[in-house]
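Accompanying notes for the structure given below.
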Amino acid sequence: MNQTVGIVVPTLGNRPDYLEQCLGSIRAAGDAHILLVAPASFNSDALRTAGLLDSVVLDAGGGLPAAINQGIRALPNSVEYFNWLGDDDLLTSSSIVASSKALAENAKVVMSFGACDYIDGQGDLIWTNRSGQWAVPMLRVGPDLIPQPGALIRRSAFDKAGELNPELGWAFDFDLFIRLAKIGRLMYLNQTLAQFRWHPESLSVEYRKKSVAEASQVRISHLPLFLRPISFLWEYPVRQSTLIAGKRVTAKANSKANKK
């Protein structure tokens, strides 16, 4: 089968219940080649037998963005659009159908994205990110409000923009979005395409201050040289507002957990 969509799922294999839910949600989202990037110690036989994945790549141990790059490179040649999904995150039903249709019908669109639910460890809704099309111009001067889960990227545009930067620990998707926006259109779809699990083990939650600082460095690196010396004028308030927003989501998640 010549599938045109590929989804890369990097995993350490230490969250089997979440991983199974993740893979099942991809199957329900549309026709896609599901590729797992996992350590040698992980046994994928049961998932293969259940029809939840199509191929596995051995993680070379270079970090998360390097593992995702490995997976993207290993996708079949028939794959024209792709994304990656955290092993604890979910796609919504038929989201791949909607995203791939948007890219197929708009040659100038290099990436589609939509709304994203933030859910807690039990899958209960905390908040929904409906950033909208205006999140794209905000990339250069403000926080990254584009939800990476549920997005779909044109493979040829990714090849032109370059792979994920393996030197980045958290803001590698942000860096890629800015590079993609320089060569084509990023289009918002007005529907919820994914669910991001907000819990203490999530990289972007556990290391919030570091990820915000790294995002600031990425944003500055894409500025024209003459603006970089004065970037502190807006970078400090952007960093602070991003941290405050994260704390509010965490507080809301904790409040829901305490009521259970």
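Which of the residues spanning the stretch 4-50 are among the small types (Gly, Ala, Ser) and on the phi < 0 side of the Ramachandran plot? Residues satisfying the conditions are GLY6, GLY24, SER25, ALA28, ALA29, ALA32, ALA38, ALA40, SER41, SER44, ALA46, ALA50. Note on the stretch 1-66: enclosed strands (runs of 3 or more DSSP E) holding 2 or more residues that are in contact (Cβ under 8 Å) with a residue 60 or more places away in the chain and closer than 24 Å to ALA194 by Cα are 5-10.
Here is a yes/no grid of residues against (1) touching a Ser or Thr at 6+ places or on another chain (Cβ under 6 Å); (2) surrounded by fewer than 14 Cβ atoms within 10 Å (Cβ to Cβ):
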| residue | (1), (2) |
| --- | --- |
| GLY62 | no, yes |
| ALA67 | no, no |
| GLY71 | no, no |
| LEU75 | no, no |
| GLU80 | yes, no |
| ASN83 | no, no |
| LEU91 | yes, no |
| ALA98 | no, no |
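For the stretch 228-239, the condition holds for at least one residue, the condition being that it is at pLDDT 85 or above and aliphatic (A, V, I, L, M). The number of residues in the stretch 110-157 being in contact with a Ser or Thr (Cβ under 6 Å, 6 or more places away or on another chain) and either outside any loop (DSSP other than H, G, I, E, B) or free of Cβ contacts under 8 Å to residues at least 40 places away in the same chain (or both) comes to 5.
The values are calculated or read from the model by the stated rules, or taken from the named source; none is laboratory data. Model, not experiment: these values are computed from the prediction. Neighbour counts run over all protein chains shown; Cβ positions are idealised from the backbone, glycine included.
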